[in-house]
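Colleague: Here's a structure for you.
The values are calculated or read from the model by the stated rules, or taken from the named source; none is laboratory data. Note that the structure is a prediction, hence the values are computed from the model and not measured. Glycine also receives a Cβ, built like all others from the backbone with ideal geometry; neighbour counts cover every protein chain displayed. With ligands, DNA and RNA removed, areas are computed over all heavy atoms of the protein, side chains included. Shrake-Rupley method; radii C 1.70, N 1.55, O 1.52, S 1.80 Å.
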Amino acid sequence: MQTFGVNPALPAGLTLNTTTGEISGTPTESVSSTVYLVTAHYANGTVTFPLTIEVNDPVNVWNGVTWSSGMPSTTDSVRLDADYNSDGFSCGELTIKPGVKATFNSDVTIAGDLVIKSGATLINKGALNVAGTTIVQQYLTGAGDANPNGRFWYVTPPVGGAKASAFIAGGKNKLWEYNELTQSYTEISDLTAVLTTGKGYVVRLGTNDTISFSGSLASSDEIYTPSCT
């Protein structure tokens, strides 16, 4: 009986069967012509040999010049790794990576989820149809754990239907809303509380974290009427 090991470690999404030596799975990032050192461990010693594997990235990636798997189709999971300024397309899921500016000059149809990473920008000049959930992420700093003592952040939800659970309110993170009539702040600890788009909230995090707002993007002007005269 022998067991196997791999050095360096396999990419996320791939696993090694330590009994048969078989590598299987679907990687989350692209891997091409990568050499791994596979070691077979026997009772009386070990044998190490190089193994070259090639796997395709399951995601159709835009690198700023071209698509990794051709123009996206309705079943593709798509990721924008670089700025995009062209016509829209149809796809299964769409992720816009941090720092990327995506400008769609015509309609975009997304059969799955739309994920906008922290620092990414989306400018849509056509119709944006998202069948799944829109997730907008924002990285915020924090400190103090259960007694947060970092900076206060002033935020408003970027999507409709976002809940206080995005901030894990009531735990190590603290979330407040301002009452204009009483001129006082009230803490929100109910994770099911729905946040109002256009309204400002104050958050203080116990540790650095990426906040994920889930809901639907606005397709028209957002109007918020102040209650203070």
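Colleague: When Thr186 is evaluated against the numbered criteria (1) free of Cβ contacts under 8 Å to residues at least 12 places away in the same chain; (2) surrounded by 15 or more Cβ atoms within 10 Å (Cβ to Cβ), which criterion, by number, is the only one it fails?
Modeller: (2)
Colleague: Determine if the range 124-142 includes at least one residue that is modelled with pLDDT under 95, among the charged types (D, E, K, R), part of a loop (DSSP other than H, G, I, E, B) and in contact with a Phe, Trp or Tyr (Cβ under 7 Å, 6 or more places away or on another chain).
Modeller: Checked against the condition, which is being modelled with pLDDT under 95, among the charged types (D, E, K, R), part of a loop (DSSP other than H, G, I, E, B) and in contact with a Phe, Trp or Tyr (Cβ under 7 Å, 6 or more places away or on another chain), the range 124-142 yields at least one hit.
Colleague: Identify the single condition in (1) surrounded by 11 or more Cβ atoms within 10 Å (Cβ to Cβ); (2) modelled with pLDDT of 70 or more; (3) hydroxyl-bearing (Ser, Thr, Tyr) that Thr28 does not satisfy, given that it satisfies every other one.
Modeller: Of everything listed in (1) surrounded by 11 or more Cβ atoms within 10 Å (Cβ to Cβ); (2) modelled with pLDDT of 70 or more; (3) hydroxyl-bearing (Ser, Thr, Tyr), Thr28 misses just condition (2).
Colleague: Out of Pro148, Pro72, report the one residue that is more than 28 Å from Ala12 (Cα to Cα) and either touching a residue at least 12 places away in the same chain (Cβ under 8 Å) or surrounded by fewer than 20 Cβ atoms within 10 Å (Cβ to Cβ) (or both).
Modeller: The conditions single out Pro148.
Colleague: What residue, of Leu128, Leu114, is within 13 Å of Ser216 (Cα to Cα), open to solvent by 30 Å² or more (accessible area, probe 1.4 Å) and not β-branched (Val, Ile, Thr)?
Modeller: Only one candidate qualifies: Leu128.
Colleague: Now for a different question. Suppose we filter Tyr154, Tyr185 for residues that are touching a Gly at 6+ places or on another chain (Cβ under 6 Å) and among the aromatic types (Phe, Trp, Tyr); which single one remains?
Modeller: Selected residue: Tyr154, the only one of Tyr154, Tyr185 that is touching a Gly at 6+ places or on another chain (Cβ under 6 Å) and among the aromatic types (Phe, Trp, Tyr).
Colleague: Let me ask something else. Filter the range 110-123 down to residues that are within 10 Å of the chain's Cα centre (by Cα) and assigned to a loop (DSSP other than H, G, I, E, B) and give me whichever is nearest to Ser73 (Cα to Cα).
Modeller: Lys117
Colleague: Take Thr46 and tell me if it is out of contact with any helix residue (DSSP H, G or I) (no Cβ under 8 Å at 6 or more places or on another chain) and either modelled with pLDDT of 75 or more or surrounded by 12 or more Cβ atoms within 10 Å (Cβ to Cβ) (or both).
Modeller: Spelling it out, Thr46 is indeed out of contact with any helix residue (DSSP H, G or I) (no Cβ under 8 Å at 6 or more places or on another chain) and either modelled with pLDDT of 75 or more or surrounded by 12 or more Cβ atoms within 10 Å (Cβ to Cβ) (or both).
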